[in-house]
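Enquirer: Here it is: the structure, laid out below.
The values are calculated or read from the model by the stated rules, or taken from the named source; none is laboratory data. All figures in this text were calculated on a predicted structure; none of them were measured in a lab. Because the Cβ atoms are built from the backbone with ideal geometry, glycine has one as well, and the counts that use them run over all protein chains shown.
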Amino acid sequence: MDVGSFGAYGEGHGPSLHDLRFKARNTNEIDRLARIHLDMARRCLPNTYLVVSDDIGGSGNQDPDCAIMSYARSLGIGFRDDSIFCWNPPRCWAHAGWARQFAKTLPVVVETGHHVRLDKAGGGDADIQKWVPEKILQNLVEYQASYYTVHSFPKHLVRTHADVLKKLALRIGYRLELREVTFPDRVKAGAPVAIESTWVNTGVAPLYAGASLAWNLLDAKGTVVWSIVDSGFDFRSLEPTLEAGEKPRRVTTNGWFGFTTPVPDNGNDDVLKWARAHPEFDPGATVELLKPGVYTLAVSVGRADGKPEIALPLANGRNRMYPLGSVEVVR
């Protein structure tokens, strides 16, 4: 949700604020007023992800130590550039430095300006071409953006820039790609097993909320019969792909699939004595918590309890679990 109560259009600018900043040179008063609105929004919406427009710090201000931007970050309020492509090329935007500071811990939002006005080549009425589609991906990396909003008619935007939007969709925010996985095709129930996997975040931002890696055995009906959740690896630590290129992460998950355990029998359990006397109910000497057989190994990413939550760019997924091959479990 935008903190949209300060300035014209809620964007942190306007004639009176302009006069304070440039005529009275009183940025302290602007910051004082802005803090009132930031404090109010955070107090009233303590559990909501909030963002605030870059213009509260000055539309052309590039001071890396901007006080009001630092204050917003201290409240857990994120950053929204409202908007890029309002500057004449080749500049196009002013606040990549601020965006990068916020992107370390908070998702960044970018608005692209009034597309139908600023995209002269696409039918807009701008005097010069300000909406520069080939620069969208450059902005995405510089800002580490997790969200984009666009002033436009959707059908017109897709018709004029579908190729750029498709490329944007493959990089925006985080994108978790499984590049390689190694696992045994035959395991003994209860015996140690190691699964090696290589992951890359091909997006430009971290997975801020974090997520856990799970390896699931599925029966013939697709039902999960066993899961190993890697408690030592959090996808939040997977670095995004920026100017330095991809940062692959090799992950070793240790665990076991199923096990067989002795039935506790102290010789004094009346229920167990009764069951032993009736072969139909006799549990035997051991209990198998996973029947021997061939299962499908599927990978998933989600909660710490193993529940899948995040879609992966892998084929044949169902319920956000993705089959990788078969594993035979033996006694």
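Enquirer: Look through region 306-323, keep the residues that are closer than 13 Å to V224 by Cα and of a type outside the set (G, A, S), and return whichever of them is surrounded by the fewest Cβ atoms within 10 Å (Cβ to Cβ).
Expert: R318
Enquirer: While we're on this one: Answer yes or no: is there a residue in region 8-25 that is touching a strand residue (DSSP E or B) at 6+ places or on another chain (Cβ under 7 Å), over 19 Å from E142 (Cα atoms) and part of a strand (DSSP E or B).
Expert: No, that holds for no residue.
Enquirer: Okay, moving on. If you go through region 147-161, how many residues are surrounded by 14 or more Cβ atoms within 10 Å (Cβ to Cβ) and assigned to a helix (DSSP H, G or I)?
Expert: Going through region 147-161 one residue at a time, the tally reaches 4.
Enquirer: Which condition number in (1) part of a strand (DSSP E or B); (2) in contact with a helix residue (DSSP H, G or I) (Cβ under 6 Å, 6 or more places away or on another chain) is the one that I195 fails?
Expert: The single condition I195 does not satisfy is (2).
Enquirer: What are the residues in region 249-265 that are at pLDDT 90 or above and among the polar types (S, T, N, Q), if any?
Expert: Those that are at pLDDT 90 or above and among the polar types (S, T, N, Q): T252, T253, N254.
Enquirer: If you go through region 175-189 one residue at a time, do you hit one that is among the hydroxyl-bearing types (S, T, Y), surrounded by 15 or more Cβ atoms within 10 Å (Cβ to Cβ) and either farther than 18 Å from P308 by Cβ or more than 17 Å from the chain's Cα centre (by Cα) (or both)?
Expert: no
Enquirer: Another question, if that's okay. So, in region 11-56, of the ones that are more than 27 Å from the chain's Cα centre (by Cα) and among the small types (G, A, S), which residue ends up surrounded by the fewest Cβ atoms within 10 Å (Cβ to Cβ)?
Expert: Per the criteria, the residue is A24.
Enquirer: Could you look through region 207-244, keep only residues that are of a type in the set (S, T, N, Q) and in contact (Cβ under 8 Å) with a residue 40 or more places away in the chain, and pick out the one that is surrounded by the fewest Cβ atoms within 10 Å (Cβ to Cβ)?
Expert: S231
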